[in-house]
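Working notes, beginning with the structure itself.
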Amino acid sequence: MTSRATPRRTVLFAAAALTTGCGSDDGGDGGTSTSAPATPSAPAATSSAGATPPAEATPSAGAAPLATTSEIPVGGGTVFAKEKVVVTQPTAGEFKAFSAICTHQGCTVNKVADGTINCPCHGSKFRVADGSVAAGPASRPLPAEQIIVSEDTITLA
C-alpha cells in the first residue's frame with residue numbers, strides 16, 4: 001500500500017506545482033515557483049506607471065534632479081538605470097519619460113540610439129516620441145513616467 005501512496009503523492013505534488021505556476025502573477029504562490037524572481041519586475045513597472053501625479057506637480061521634497069535639459073540630446077534620450085526611467089527629447093524643448101523596464105520580459109533598456117529606446121535582451125525597440133513599439137518581440141509600449149522640467153532641470157515627479 002505504501003508503494004501506491006508515494007506515486008499518488010508525487011502526482012498530486014506535481015499537479016499542485018503546475019497549477020501554482022499557471023496562476024495569476026499576483027505573487028500568491030509563496031515563492032515556490034521557480035520563475036518567481038523574474039515575475040515581480042514586470043508587474044512592478046506597470047503598477048508604478050499607473051500612479052502618476054498631475055502634470056502641474058512640483059518635485060517632491062529632496063528629489064534629486066535626473067539631468068539638465070542640455071544633457072538630453074534632441075531626437076534621443078538618456079537611460080537612468082538606477083531610477084528605472086528613460087528621458088527623451090523627441091523635438092527641441094519637448095521632454096518625455098518612460099519606464100526603463102522592457103515590456104517583453106522585464107529587462108532594463110540600456111541605450112537610446114537612432115530615435116529608439118533599445119533593450120539588450122531580445123532586441124525590442126521603442127520610439128522616443130511616445131514609447132510605442134518600433135520593433136519586437138515586445139508587443140506593448142513602455143509606460144509613461146512623470147517628470148518635471150523646471151528651467152533647465154529635469155526631476156522625477
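The values are calculated or read from the model by the stated rules, or taken from the named source; none is laboratory data. Since we're looking at a predicted model, the values are computed, not measured. Positions of Cβ are backbone-derived with ideal geometry, glycine not excepted, and every protein chain shown enters the neighbour counts. Ligands, DNA and RNA are excluded from the accessible area calculation, which covers all protein heavy atoms including side chains. Shrake-Rupley method; radii C 1.70, N 1.55, O 1.52, S 1.80 Å.
At a glance:
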read-out	value
Region 67-104: number of residues that are open to solvent by 20 Å² or more (accessible area, probe 1.4 Å), part of a loop (DSSP other than H, G, I, E, B) and either over 15 Å from P143 (Cβ atoms) or among the aliphatic types (A, V, I, L, M) (or both)	10
Count of region 68-110 residues which are in contact with a Phe, Trp or Tyr (Cβ under 8 Å, 6 or more places away or on another chain) and touching a residue at least 60 places away in the same chain (Cβ under 8 Å)	4
Residue check, A135 touching a Phe, Trp or Tyr at 6+ places or on another chain (Cβ under 9 Å) and surrounded by fewer than 15 Cβ atoms within 10 Å (Cβ to Cβ)	yes
Residues that are touching a Pro at 6+ places or on another chain (Cβ under 8 Å), open to solvent by less than 80 Å² (accessible area, probe 1.4 Å) and at pLDDT below 95, drawn from region 113-127	G123
